[in-house]
Every structure is written in structure tokens, then in C-alpha cells.
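Just so you know, all these numbers are worked out from the coordinates, no wet-lab data involved. The model shown is predicted, which means the values in this text are computed figures rather than measured ones. FYI the Cβ positions are ideal-geometry reconstructions off the backbone, even for glycines, and counts take in every protein chain you see.
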């Protein structure tokens, strides 16, 4: 009898992973995530995992592969939230018109916003994203 090596996954995998591993002389032990909240939580973990893999790629072909995985997780999130991908794409295109894209590579350092102004109100409500130095 062949020796078996044991690997711990504890993560969401694609639908055909069970069959793919069987064809490669491995048995995957798994369960189905029937709880929507848990499924969404695992999709977010997968989103972070795939984003990190994209970040760590060295070759263009690897990056394309990992971006495809990232996009699949994005589609999974849209499905889980019952959001039509065309609606997301339409809004993305509208945001390009009103806010732009990342083509110019602008990196924001600081912002001085008039106290009580529209920008100040927005930024002060989002302090976790925009740190405000204490005034002396």
C-alpha cells in the first residue's frame, strides 16, 4: 500500500477540484458551505489570497493566470450578493467618466480640506482610511 501524504487546505476551492485531484491520485475531504454568510466570508479570504498571488507573480503568464483566478472570485462575490455583473461594469464605466481611472498613476499624499466643507465632511467620516493629524 502506497504511503499517503496529508495536506491541510481549510479553504474554498473551485468546483472541479475534487475531480481534478482524483485524477491525480489524491482524495479531497470536503464539505459544502450551505451558510451564505460563511460562504461570503470564505470568498473574501479567497479574494485576499488571490490578490496576494497576483502581487507575488514574476512572469506575465503567471500574472494573467492569477488575475483570472481573482476575477473568478469577484464573479463569485457578485453571484453571492445577487449582483448582476453588467450592473457593476456599467457603474465602473460611469465612475471612469466622473472620477477617472488609474491610468495617470496619481499617488495622493495629503489633502487640506476646508473645515466643514464637503470634502472635510466625507474625509472625517472615513477616518480609518484617511488619517487626520491632530491640530496644534
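Worth a mention:
- Of 74, 32, all but one fail to be under 19 Å from residue 11 (Cα atoms) and in contact (Cβ under 8 Å) with a residue 12 or more places away in the chain; the exception is 74.
- Of everything listed in (1) out of contact with any helix residue (DSSP H, G or I) (no Cβ under 9 Å at 6 or more places or on another chain); (2) within 30 Å of residue 4 (Cβ to Cβ), the single unmet condition for residue 56 is (1).
- Counting only helices (runs of 4 or more DSSP H) that sit completely within the stretch 30-101, those holding 3 or more residues that are surrounded by 15 or more Cβ atoms within 10 Å (Cβ to Cβ) correspond to 36-56, 60-80.
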